[in-house]
Amino acid sequence: MTEEELGRFLERIRADSIHSANTIIEEARRKVAQRIEESIKQGREDAFKQREDMLRDARTKSMALRNRVLSEARLKANAIRLNAVNRALESILHDVLEEFIEWSKNDRIGYMELLKNLIIEGIETIREDVELILKEEDLKLNLDLTSLSREVADKIGVNVKVTFSKEKLDAAGGVVIRSVDGRIVVHNTFEAIIERFKRRLHSRILKMLLEK
Amino acid sequence: MSNGEILSLLEKIVKVEDEAKEVLEEARRKAEEIIAEGEGEAKKAYEKSYRETMSLLEREVEEVLEKARREAEEEAGKIISEAEEYAKKIDERVHVKGREIAKTLVKELLRGMGVLK
């Protein structure tokens, strides 16, 4: 082997070793790149496994949220309707009282008739001597108490003494009938009549208000 | 070729082979280092990828909730608006028919109490 051939031979060994070393390093880098790529994929897959659970949970929360929001809205809507209805009832009942007053001023004969009926009704309940509490202006109507007593006696078979109280009625109209000893009181004022019929009036008012 | 020349030749070859082994040994060490560092990078890459995907999923969940909230609020708005319409209608009717209704009711009450025919 010549010196030159030996040099080439040795150079070949060196070159081969460098090539192999580079290959080893390249292979290591390739493995690392592949490992990283797999890890990224694995990370994505592991997170994605929770997607269905998360979405199911979100749907449950959505449903609860929807129920809460709608239930609050329904409560609020009911309160709005109820307020409107109460406002309407109060307003019309106020008008009813005013119409009562108006009627009592315009139809004095009718009003006297009403007072008489209300008094008799009260005496029928009390069934003993009574006094009548009237508005000052109604005392001027000159109600005939003797004939009233007679009428009551005919109707219920009991003689009762009927007198006017010195007390004056503080109401829009009507009468308060009170047993002389004050134990029994029948309120037949306009306000009391409206209050007594309130429930029935409510349904009538709503029916009339909502019908076309 | 004399014995001395052959010995010298062999020595040169052995030396170069030793150098080559060392180069390969060094490459293997370096490869092991690269792989060890790569494990750490792979772990970080896994965590980053997991976090990013979770973040996307959380956004998707938020969108589902937000959509549900929007729809429910829209529906709630309709419910309340209907009630307000009803209330407005009642108020208008009271304004238009209130007095007339009151008159009718007073007549009915008076009839009931035997005053009006």
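Values as computed for the structure displayed
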{"quantity": "Residue match in the stretch A:78-94 (condition: surrounded by 20 or more Cβ atoms within 10 Å (Cβ to Cβ) and over 15 Å from B:Ile90 (Cβ atoms))", "calculated": "no"}
{"quantity": "Tally, over the stretch A:164-177, of residues that are away from chain B (no Cβ under 14 Å) and open to solvent by less than 50 Å² (accessible area, probe 1.4 Å)", "calculated": "5"}
{"quantity": "Where a residue in the stretch B:67-86 is at the interface with chain A (Cβ under 8 Å from one of its Cβ atoms) and its partner, wherever it lies, is of a type in the set (Asp, Glu), with Cβ under 8 Å and at least six apart", "calculated": "B:Ala76/A:Glu72"}
{"quantity": "Output for the stretch B:92-117, where each listed residue is open to solvent by 90 Å² or more (accessible area, probe 1.4 Å), within 25 Å of A:Arg196 (Cβ to Cβ), assigned to a helix (DSSP H, G or I) and more than 7 Å from chain A (Cβ to nearest Cβ)", "calculated": "B:Glu100, B:Lys107, B:Arg111"}
{"quantity": "Matching entry among B:Lys89, B:Lys48, B:Lys12, B:Lys43 (being at the interface with chain A (Cβ under 8 Å from one of its Cβ atoms), more than 31 Å from the chain's Cα centre (by Cα) and among the basic types (Lys, Arg))", "calculated": "B:Lys12"}
{"quantity": "Pair list, Cβ under 7 Å, 6 or more apart: the stretch A:100-124 residue touching a residue at least 24 places away in the same chain (Cβ under 8 Å), other residue acidic (Asp, Glu)", "calculated": "A:Leu115/A:Asp138; A:Ile120/A:Glu151"}
{"quantity": "Some residue of the stretch A:181-190 being open to solvent by 10 Å² or more (accessible area, probe 1.4 Å), modelled with pLDDT of 95 or more, under 30 Å from B:Val94 (Cβ atoms) and in contact with a helix residue (DSSP H, G or I) (Cβ under 7 Å, 6 or more places away or on another chain)", "calculated": "no"}
{"quantity": "Pair list, Cβ under 7 Å, 6 or more apart: the stretch B:3-25 residue closer than 28 Å to A:Asn22 by Cα, other residue open to solvent by less than 50 Å² (accessible area, probe 1.4 Å) and among the β-branched types (Val, Ile, Thr)", "calculated": "B:Val16/A:Ile13; B:Glu17/A:Ile13; B:Ala20/A:Ile13"}
{"quantity": "Subset tally (residues that are facing another protein chain (nearest Cβ under 7 Å), open to solvent by 90 Å² or more (accessible area, probe 1.4 Å) and among the basic types (Lys, Arg)) for the stretch A:36-58", "calculated": "1"}
{"quantity": "Near pairs, Cβ below 6 angstrom, 6+ apart or cross-chain, from the stretch B:30-51 (polar (S, T, N, Q)) to any residue that is assigned to a helix (DSSP H, G or I) and at pLDDT 95 or above", "calculated": "B:Ser49/A:Ile40; B:Ser49/A:Gly43; B:Ser49/A:Arg44"}
{"quantity": "For A:Ile25: the one exception among (1) open to solvent by 100 Å² or more (accessible area, probe 1.4 Å); (2) assigned to a helix (DSSP H, G or I)", "calculated": "(1)"}
{"quantity": "Helices (runs of 4 or more DSSP H) wholly inside the stretch A:108-177 containing at least 2 residues that are closer than 24 Å to A:Ile194 by Cα and among the hydroxyl-bearing types (Ser, Thr, Tyr)", "calculated": "A:108-126"}
{"quantity": "For A:Ser203: the one exception among (1) crowded, with 16+ Cβ neighbours inside 10 Å; (2) among the hydroxyl-bearing types (Ser, Thr, Tyr); (3) within 29 Å of B:Val94 (Cα to Cα)", "calculated": "(1)"}
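Here's the yes/no breakdown for (1) of a type in the set (Phe, Trp, Tyr); (2) surrounded by 13 or more Cβ atoms within 10 Å (Cβ to Cβ):
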| residue | (1), (2) |
| --- | --- |
| B:Met1 | no, no |
| B:Ile6 | no, no |
| B:Leu9 | no, yes |
| B:Lys12 | no, yes |
| B:Arg28 | no, yes |
| B:Glu37 | no, no |
| B:Tyr46 | yes, yes |
| B:Glu63 | no, no |
| B:Glu73 | no, yes |
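The values are calculated or read from the model by the stated rules, or taken from the named source; none is laboratory data. As the structure is a prediction and not an experimental result, all values here were calculated from the model. Neighbour counts run over all protein chains shown; Cβ positions are idealised from the backbone, glycine included. When the accessible area is computed, the model is the full protein with side chains, heavy atoms only, and any ligands, DNA or RNA have been set aside. Shrake-Rupley method; radii C 1.70, N 1.55, O 1.52, S 1.80 Å.
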